[in-house]
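Colleague: If you scroll down you'll find the structure; I have some questions about it.
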Amino acid sequence: MSTLKQRRSPPPSPPLSASSSTATAVSVEPAKDDPTPIDLHIPDNYVEHTLQTTKPLPPITWANFYKEINWISFPILTLTPIIGLIGAYFVKLRWETFLFAAFYYYATGLGITAGYHRLWAHRSYNASRPLQYFLALVGAGAVQGSIKWWSRGHRAHHRYTDTDLDPYNAHKGLWWSHIGWMLVKPRRKPGVADVSDLSKNDIVKWQHRHYLSLILLMAFVVPTVIPWLLWGDAAGGYVYAGVLRLCFVHHSTFCVNSLAHWLGEAPFDDKHTPRDHVITALVTIGEGYHNFHHQFPMDYRNAIKWYQYDPTKWFIAVCQKLGLATHLRIFPENEVKKGQLTMQLKKLRETQEKLTWPSDNSDLAIISWESFQEQSQKRPLILISGFIHDASNFIEEHPGGPHLLIKMIGKDATTAFFGGVYDHSNAAHNLLAMKRVGVLHGGAPHGTEDKAIPPSQRLKIARYNELSSAYGSSTAYSDGEGMLG
Ligand SMILES: [Zn+2]
Ligand SMILES: [Zn+2]
């Protein structure tokens, strides 16, 4: 098992040889028959530059709302629920139609999640032509724009997450990221994102060309005709499997942009808004592990644990078994775990910073043996592992009884403390370190350096700059001097 796990991690790359820096640069120009990626020559400060030099449309107010309406998506998004509700009032729901509507919800939803999203926007696996046609068709039934338009916006969303170049920027609030961005004209052009790969895909082009006929066929005709032919319920099919199902698919996908950027945990990176949550997964056919997804967008999975709800991943895996999908991409587990570890350490560091720690060695006064003896007359000082401790507030609290402490005042209790009389627990070691008031001149007489570190500090979380300041740089210096000499 462990060897299997190790194999999944990539071997470390060999170090660069000195000659590689002088090697001829590899040309990044595309081949002649390829269209040049649109983002090949953008300036290095593209995001900042674009935000500063291009003006957004004015903010939406009640006064300008009607002028700013997006006349393609506004009617689709508002009329669908209205027609659906009116229809449901007049048409009785039959159980056969209900089951078919649920099935058709998953089919058209998968067109978006497994097709538009994971296949075309992220290229997380390769699909055979029959599977691509199937996904392009059912995806059209979700009425969310063509594959090309959708993927272009989604690639901008990933590249410019949480900025104004992200078409559904989550920082503009839940309403905006859920649906607001489609009700009005885009306030800005989304940031540049290359879709030249999709421009070359003939199935993507075919869907784009016939998009209007395909949405009418897949969103309304098919879900009306099937219940009509099989159990004679054309009206129910239209209302429940057509219109209301479409409304559910819409809001299910929209939740990926709203809910998944708002609700839940950030186990991989908390720099941006994407979050992981099972509720989001349940309403989005498995797209709810969005913190993972934004970290590893080329991974065909959203949920990495077997028990997490990700039917889109299961669908792709089944397609692979059937020979319809290949090259399912998985990010190296070793790198995924690094992200998780970083976030876990960050949380632990916060806990660590909330606690009070013993004084540092350098903050403590160095006391001679004579001074220690003298001061022990005035307060209960006890020497352990080279540190002088003040037991003032603890003598009565000592679980073993005060007499064991009193007899050690002005003496070295190292042996007794470390198992000679009682082998003290972690808690005792930690508490003892809090009572340090000085260091005995001459260091740790018992050679108990290791013991002088309380258990709670042996695995302390340190930032990289805290580590390097200790002695790393001075060693490097002396090595250099040695070489010069
Ligand atoms: Zn997102
Ligand atoms: Zn995505």
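Colleague: What value, in deg cm²/dmol to 500, does the helix sum -39500 (n - 2.57) over DSSP H runs of n ≥ 4 give at 222 nm once divided by the residues of the chain? Walk me through the intermediate numbers first.
Modeller: Details: 23 runs with 210 residues, N = 485.
Helix contribution divided over all residues of the chain: -12500 deg cm²/dmol.
Colleague: Taking each full run of DSSP H in the chain as one helix, which ones are at least 24 Å long along their axis (Cα atoms) and have mean Kyte-Doolittle hydropathy of at least 1.6? Don't jump to the answer; show the numbers that get you there.
Modeller: Details: long enough: 73-90 (26 Å, 1.63); 333-354 (32 Å, -1.65).
Within the chain the helices that satisfy the rule are 73-90.
Colleague: Of the beta bridges DSSP finds with both residues in the chain, what % are antiparallel, to the nearest 5? Present the calculation step by step, with values, prior to reporting the outcome.
Modeller: Details: 13 of 17 bridges.
Counting DSSP beta bridges with both partners in the chain, the antiparallel share is about 75 percent.
Colleague: Relative contact order for the stretch 314-441: what percent, with Cα pairs under 8 Å and sequence separation of 6 or more?
Modeller: Values: 110 pairs, mean separation 38.6, N = 128.
Dividing the mean separation by the residue count of the stretch 314-441 yields 30 percent.
Colleague: What does the charge count near Ala413 come to, summing +1 for each Lys or Arg and -1 for each Asp or Glu among other residues with Cβ under 14 Å from its Cβ?
Modeller: Working: positive: Lys407, Lys411, Lys435, Arg436, Lys451; negative: Asp390, Asp412, Asp423.
Every neighbour counted, the sum reads +2.
Colleague: Starting from the Cα of Lys55, draw a straight line to each of the lysines and keep only those under 27 Å, dropping any in the same chain fewer than 8 residues away.
Modeller: Once the sequence-local lysines are set aside, what remains near Lys55 is Lys67, Lys148, Lys172, Lys185, Lys189, Lys271.
Colleague: If you don't mind, there's one more thing I want to ask. Please give me, ordered by residue number, the trypsin sites (Lys or Arg not before Pro) of the stretch 196-303 that lie in loop per DSSP and have at most 14 other Cβ atoms within 10 Å. Intermediate results must be reported in sequence, preceding the final value.
Modeller: Numbers: sites: Lys200, Lys205, Arg209, Arg245, Lys271, Arg275, Arg301; in loops: Lys200, Lys271, Arg275, Arg301.
Hits after loop and neighbour filter: Lys200, Lys271.
Colleague: On the principal axes of its Cα set, how long, how wide and how thick is the stretch 362-406? Give whole Å, largest value first.
Modeller: Result for the stretch 362-406: principal-axis Cα extents of 30, 22, 16 Å.
Colleague: While we're here: For the stretch 285-354, how many pairs of lysine residues have a Cα-Cα distance under 19 Å, where the two are 8 or more positions apart or belong to different chains?
Modeller: Going through the stretch 285-354 pair by pair, I get 9.
Colleague: If you don't mind, there's one more thing I want to ask. Using Cα-Cα distances under 8 Å and only pairs 6 or more residues apart, what relative contact order does the stretch 51-343 have, in percent?
Modeller: Working: 480 pairs, mean separation 64.2, N = 293.
Relative contact order, the stretch 51-343: 22 percent.
Colleague: Here's a follow-up. Sort 141-151, 335-345 for me by packing, meaning the mean count of neighbouring Cβ atoms within 10 Å per residue, highest on top.
Modeller: On the way: 141-151: 22.9, 335-345: 13.6.
The most tightly packed comes first, giving 141-151, 335-345.
Colleague: What are the chymotrypsin sites (Phe, Trp or Tyr not before Pro) within the stretch 289-357 that DSSP puts in a loop, where the Cβ has at most 11 other Cβ atoms within 10 Å?
Modeller: Working: sites: Tyr289, Phe292, Tyr300, Trp306, Tyr307, Tyr309, Trp314, Phe315; in loops: Tyr300, Trp306, Tyr307, Tyr309.
Sites meeting the loop and neighbour criteria: Trp306, Tyr307.
Colleague: Enter the Cα centre distance for the pair the stretch 66-125 and the stretch 311-328, rounded to the nearest angstrom.
Modeller: What the calculation gives is 24 Å, centre to centre.
Colleague: Kirkwood-based Rg over Rh for the chain (C-alpha set), two decimals? Walk me through the numbers before you get to the answer.
Modeller: Details: Rg = 32.9 Å, Rh = 28.3 Å.
Checking Rg against Rh, the ratio lands at 1.16.
Colleague: Taking square-rooted eigenvalues a ≥ b ≥ c of the alpha carbon gyration tensor, is the stretch 101-256 rounded, prolate or oblate, where a/c under 1.5 means rounded and, failing that, a/b exceeding b/c means prolate? Working shown, then result.
Modeller: Numbers: a/c = 2.33, a/b = 1.45, b/c = 1.61.
In terms of gyration-tensor shape, oblate.
Coordinate-derived values only; no laboratory data. The structure presented is a predicted model; accordingly, all values stated were derived computationally and were not measured. Counting neighbours? That spans all protein chains shown, and the Cβs are built from the backbone with ideal geometry, glycine included.
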